[in-house]
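Only one structure is covered here, and it is reproduced in the block below.
The values are calculated or read from the model by the stated rules, or taken from the named source; none is laboratory data. It should be emphasised that the depicted structure is a prediction, and the values quoted were computed from it without experimental measurement. Glycine also receives a Cβ, built like all others from the backbone with ideal geometry; neighbour counts cover every protein chain displayed.
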Amino acid sequence: MSFILKMAWRDSRASRRRLLLLSLSVVFGIAALVAIGSVSANLRRAIDEQASGLLGADVIINGRIPATAEWAQAMAAPGVEVARERIMATPVAAAGATQRTQIRAIEGDFPFYGEFDVKPADALRRLRQGGNVAIVSAKLVEQLQVRVGDTVALGRARERFTVIGVVASYPGSPPQVNFAPAVAFIPFAALSPSLGLRANRLDLRLPRGLVAAEFVKGLKAGFPDSGLVIATADERRQQLDDGITGFDAFFHLVGFVALFLGAIGVASVVHVYVRQKIATVAILRCLGASGRQAFAIYLLQGFALGLFGAVVGAGLGLVGQGLMPALLKDLFPFPIHFFISWPAVASGMVSGLVICLLFTLLPLLTVRNVPPLAAFRSALAERASGVFDPWRVVIAVSIPVAVAGFAVWQTKSVRFGMGYAFALGFGFATLTGAAYLVSWAARVFFPSKMPYVVRQGVANLYRPQNRTVLLLLSIGLGAFLMIALFLTRSELMAQLQGPGGAGRPNLLLPVVEGDELEPVTKLLSDQGAPVVLQTPFVQMNLLSVNGKPPGRRWRLPGAKDTVLFATHRDHLNPNETVKEGKFAGTAEPGAAEVPIALSPALRRGVDPVLRLGDIMEWDVQGIPMRTRVTAVLAGSPQFQMAAGRRYEFIFPEGVINGAPASYSLGAHAATPALAAKAQRAVTAAFPQLEVVDLSAIFAVILRVFDKIAYVIGFMASFVIATGIVMLVSAILTGRFQRIRETVLLRTLGASHRQLVLIQLVEYAILGILATVVGAMLAVGGNLLLAHFVFKIPAAISPLFLLEATAAVTLVTLVTGWLANRGITNHPPLAVLRQET
Amino acid sequence: MSDLPILKVERLTKTYPTAAGPLTVLHEVSFDLAAGASLAIVGPSGSGKTTLLGLCAGLDRASSGSVTLAGEKLDRLDEDGRARVRNQHIGFVFQNFQLIPTLTALENVLVPIELRGASAAAGDYERDSRDLLKRVGLGDRYDHYPVQLSGGEQQRVALARAFVNRPKILFCDEPTGNLDGDTAQAMVELIFGLNRERGTTLVLVTHDLELAQRCGRVIRFRSGAIVSDMPGSPAP
């Protein structure tokens, strides 16, 4: 062992800078895994600590609260504390402005957990004392321009309440203030019937030892037909945890791409290194070293370098982790505190080290088969890599198994994990195949009439020890990932930006009654926001689905009938596509069976059994109607948002046109300022109407998306950094291999310019081809993502692809030029003497 | 000189598979070599000299026949067993020196000792190695890397390395092939001098007939077979 340690140390002396590339190759991959693993642990701890605070209670019950003795008894269980709430939406006016606002009338010790961030701090205590006082949200302050001490008028009866505090955040409030609804908290006792329809809510704090799930199970069993919607903090924690798992898996896989790319770099560095060490191994074998000893020397070097890479990577990952909370703070509804998760650090390091070692072993196995006779006959050294070694098969099988295993472990899904591993393998195989094709084509279609430097550059693509496969892989995989990321990002951005541009609606009025239609339309037009989308919808009662009464989940909590909304039109909306069946635009009035389409806005989660061919029977305001689902539509987020969720069934023209309808209006304002002005005008004239300013929401979504894109970009930067290390490593190892040849050419009279041009020709060909293949893979991957994951139309810009190709080729050329600088200045004698 | 053979070669044959069919490069070669003797193997390029040397030193396996070295039948040993024999009983000097470029002169000499698991610092090995380097005239070059040494100096390091584990037999493959006349002559003196001092058996493969004549015995080789086996004219 002592000899192996000594020899590994001594032998590495002359190659440490080169071997550092091996470490660097895995540094960024490990850094990415450590960073994301540690951030994920931070998030999970934050959830564990704050899940109750997010709801403000252990259990929340929404719906019509039964007024029975049994219910009262259930709520009076020992140790259970109850806070009542009533929630309603009503206009709130102040100083000439009106805003539709969520009113929450509270009683008891709400919130039991979490932070109610109000200024002044004693406002909540004063609210609990009762009276016509209100704590308003920052959003309402912004919209009504009110301050503490001002008076606001609530509801159509304009009941006056004094603002005693402004709340910045409270349990359940969204992380982005612009997403938060305008809210006013008032004392429960101050409620009056004039404030309109309301929903009931109970917040419960359970005594220690009483498990929320058990308590809820008991309630559901005791009140089976109550239609109550019950949520627990544990469920919320689980939901958030599931969300984190998805986030965690996605970013771990991005990190793993960096590691995988780096591991290929490791294999390449080791491959070249081993070739250079064959003579040394043969000498050691002559002097009595066994194959195992020789192998152990280089395995130890690989392990030490991998470990060094893992330690540096972990350090870098922790620096990355330090930056992440700032990037993520607006995406999660709780503060994220930084701490180092040692299990995550260890997991990232071990994953990196295992992958690094597997990729090191594959080329390193050659060492085991170097015959001592190679010290006499160098031709025998070449045969060492061709010797059949069963361990080579074991490692070759272990690598894809490890990659797939890692992906399944991270995604917690065999299907997605295997899909990821397959995609990675496909990209790898395509680029490798392209590399062999390039080598073959360079040989077969050799440009024999081109100038010498071009011929020499092209010949470099297929000569022994060429860098074609490695460079195509490193540049191609990097280009693939970057282009795919940018394409997907720009498509999602285009979808989100859609409603604000090109005359599409950016002000939405989800419900406008028939008698309000004309004045509202005129007012909007006068305010510079003409109506561009007017969708009628008809309220109807669903009687049966395939002959059976609809399930209770179709009904609103506590409602007796299944009231749903349908629209009628003879065309598909922009961005809508027929996913299944055939869209029928018209039908005969009085037809025995009316063909209908399921809108993309249908709440599929409510009743997932609805499908093509189902028979649905309706009561359309007194008239029975039998329909058949003949089409299922798909649509983009933009469409769904602009359409609201009012109409879920699309009838053909001519069937329900006569029924009394309400309308959903979409108006277009040229600027956000105009949109805000029009919104204020409509709310002032029609306080009962809800006006949603999509431009503001989209601006927030864009900001959030930008943030997500930034986080993705941050993670992708690890991949890009690895790609650059790999590129430099591929070029430098090529430089070590080619130095003798360059010196010989120099000795024979090649000019500096000729030598540089030969290299540039080679790198230009490889850069262009790798980017083209990478771009093709990215376009393919993007089409699949757009179609199957985001369900949006893919938009590939040829100009962007051209720019990307030019940029990556330029980076390759510059890197190649920088890495090879000085190669032509080597004194020939020194290089030739190195061969001894 | 002992009469016991330290090297016994019996009906040694080596055949390589080629695209044109099997190629036999050694045909049933047999000879014995007594401990302390010196043998030169001469013959034209491609006659099978180096193949024979490789088989005698356990660097390769014969297609048939056997080699017994220091009482051990090499064909019955696996690769690790042959490695052990090489380390314990054999020293090598190669035409192209074959120093490990990443090790200093002293470290190169120490390799066979360290391979045995002996600690250089613990025993007299390092002192022996230094003495050997001094003996070959490189007392002031311990810490020099091969690239910092001339061809003759590199070969002298190789010679010191060959003798450091006190081998029973020294195999030299064209030891002066890459050296100029004066340097080659000095090298030859060193090889024979050390051989005498240490009582080592010497097997020398060479083109140089003058050098071959300095051995006690000369075997001429052609097309993989021994064509003559005659005594040399060693210096007294």
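Data overview
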read-out	value
Which numbered condition B:Phe92 fails, given (1) buried (at least 24 other Cβ atoms within 10 Å of the Cβ); (2) assigned to a loop (DSSP other than H, G, I, E, B)	(2)
Residues that are among the hydroxyl-bearing types (Ser, Thr, Tyr) and under 22 Å from B:Pro112 (Cβ atoms), drawn from region B:44-67	B:Thr50
In region B:109-125, residue modelled with the lowest pLDDT [restricted to those that are crowded, with 18+ Cβ neighbours inside 10 Å and out of contact with any strand residue (DSSP E or B) (no Cβ under 9 Å at 6 or more places or on another chain)]	B:Ala120
Number of positions in region B:46-71 that are surrounded by fewer than 22 Cβ atoms within 10 Å (Cβ to Cβ) and in contact with a His (Cβ under 8 Å, 6 or more places away or on another chain)	1
Segments classed as helices (runs of 4 or more DSSP H), wholly inside region B:123-236, with at least 2 members that are touching a residue at least 60 places away in the same chain (Cβ under 8 Å), under 28 Å from B:Gly58 (Cβ atoms) and of a type outside the set (Asp, Glu)	B:151-164, B:181-198, B:209-212
Residue match in region A:285-303 (condition: more than 14 Å from chain B (Cβ to nearest Cβ) and surrounded by fewer than 19 Cβ atoms within 10 Å (Cβ to Cβ))	yes
Contacts under 6 angstrom Cβ, first residue in region B:35-57 being away from every other protein chain (no Cβ under 12 Å), partner in a helix (DSSP H, G or I) and among the charged types (D, E, K, R), 6 or more apart	B:Ile41/B:Lys49; B:Gly43/B:Lys49
Residues (of a type outside the set (A, V, I, L, M, F, W, C) and part of a strand (DSSP E or B)) located in region A:565-585	A:Thr567, A:His568, A:Thr577, A:Lys579, A:Glu580, A:Gly581
Looking only at region A:140-176, and only at residues there that are under 32 Å from the mean Cα position of the chain (by Cα) and surrounded by fewer than 21 Cβ atoms within 10 Å (Cβ to Cβ), the one that is farthest from A:Phe112 (Cα to Cα)	A:Glu142
Boolean, A:Arg383 is at pLDDT below 85, assigned by TED's automatic domain parsing to the domain that holds A:Leu33, part of a helix (DSSP H, G or I) and not hydroxyl-bearing (Ser, Thr, Tyr)	yes
Only one of A:Tyr647, A:Tyr663 that is among the aromatic types (Phe, Trp, Tyr), assigned to a strand (DSSP E or B) and either under 19 Å from A:Asp570 (Cα atoms) or modelled with pLDDT of 80 or more (or both)	A:Tyr663
Considering residues of region A:824-836 that are surrounded by fewer than 19 Cβ atoms within 10 Å (Cβ to Cβ) and more than 14 Å from every other protein chain (Cβ to nearest Cβ) only, the residue modelled with the lowest pLDDT	A:Pro828
Any hit, region B:188-204, residues being crowded, with 21+ Cβ neighbours inside 10 Å, hydrophobic (A, V, I, L, M, F, W, C), at pLDDT 85 or above and more than 16 Å from the chain's Cα centre (by Cα)	no
All positions within region A:21-63 that are part of a helix (DSSP H, G or I) and of a type in the set (D, E, K, R)	A:Arg44, A:Arg45, A:Asp48, A:Glu49
Pairs, first at negative phi and among the hydrophobic types (A, V, I, L, M, F, W, C) in region B:68-84, second crowded, with 17+ Cβ neighbours inside 10 Å and not in a helix (DSSP H, G or I), C-beta under 6 Å, six or more apart	B:Leu69/B:Leu7; B:Leu74/B:Gly58; B:Leu74/B:Val67; B:Ala83/A:Gly288; B:Ala83/A:Ser290
Hey, A:Ser268 farther than 30 Å from B:Arg84 by Cα, among the hydroxyl-bearing types (Ser, Thr, Tyr) and out of contact with any Phe, Trp or Tyr (no Cβ under 8 Å at 6 or more places or on another chain) or not	yes
Exclusive hit being of a type in the set (A, V, I, L, M), surrounded by fewer than 19 Cβ atoms within 10 Å (Cβ to Cβ) and either modelled with pLDDT of 85 or more or out of contact with any Asp or Glu (no Cβ under 7 Å at 6 or more places or on another chain) (or both), set A:Val401, A:Val438	A:Val401
Failed item in (1) facing another protein chain (nearest Cβ under 10 Å); (2) assigned to a helix (DSSP H, G or I); (3) within 27 Å of B:Leu39 (Cβ to Cβ), with B:Glu107 passing the rest	(3)
Residues within region A:1-51 that are surrounded by 18 or more Cβ atoms within 10 Å (Cβ to Cβ), touching a residue at least 40 places away in the same chain (Cβ under 8 Å), within 14 Å of another protein chain (Cβ to nearest Cβ) and more than 30 Å from A:Ile720 (Cα to Cα), tallied	5
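Here's the yes/no breakdown for (1) of a type in the set (Phe, Trp, Tyr); (2) part of a helix (DSSP H, G or I); (3) farther than 27 Å from A:Gly478 by Cα:
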residue: A:His252; (1), (2), (3): no, yes, no
residue: A:Phe256; (1), (2), (3): yes, yes, no
residue: A:Ala267; (1), (2), (3): no, yes, no
residue: A:Lys277; (1), (2), (3): no, yes, yes
residue: A:Ile297; (1), (2), (3): no, yes, yes
residue: A:Gly306; (1), (2), (3): no, yes, no
residue: A:Leu316; (1), (2), (3): no, yes, no
residue: A:Gly320; (1), (2), (3): no, yes, no
residue: A:Phe338; (1), (2), (3): yes, no, yes
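Listed here are the residues, each with its yes/no results for (1) surrounded by 15 or more Cβ atoms within 10 Å (Cβ to Cβ); (2) modelled with pLDDT under 80; (3) touching a Leu at 6+ places or on another chain (Cβ under 7 Å).
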{"position": "A:Leu487", "(1), (2), (3)": "yes, no, no"}
{"position": "A:Glu491", "(1), (2), (3)": "yes, yes, no"}
{"position": "A:Asp515", "(1), (2), (3)": "no, no, no"}
{"position": "A:Leu543", "(1), (2), (3)": "yes, no, no"}
